[in-house]
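Read the figures in this text as sums done on the coordinates, not as results from a lab. For clarity, every value in this text was computed on a predicted model and none was experimentally measured. Glycine gets a Cβ as well: all are built from the backbone with ideal geometry, and neighbour counts include every protein chain shown.
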Amino acid sequence: MLTTAERYGYEHRKLRAQWRPRVEAGQVACACGCGWRIEPGQPWDLGHDPADSRRYLGPMLAAHNRNTALERKLAGRRRRGFHYRSPAW
């Protein structure tokens, strides 16, 4: 497992800087496969391959990238018998 500093170090920042002009111009679709285009000004991440954290998939909408991580985390909890229930407001 890579540390945070290894995952988001120089190489990560360099690759993100290379993508930035195209993303900010609205020329890039989200790499998660949803087919949505990343609109100028929308928050975006450089998504990692879930199978190999050293490999990048490309720019992703921040919500989609972070949602994937949350879903994996919750899936792991479900396997151990934890079931999330939303509060009854």
Spin-label pair E11/E24, simplified geometry with 7 Å Cα→Cβ offset, distance in nm: 2.5 nm
Please work out how much length the chain gains when fully extended from R54 to T3, using 0.36 nm per residue of separation minus the C-alpha to C-alpha distance, in nm with one decimal. 17.3 nm
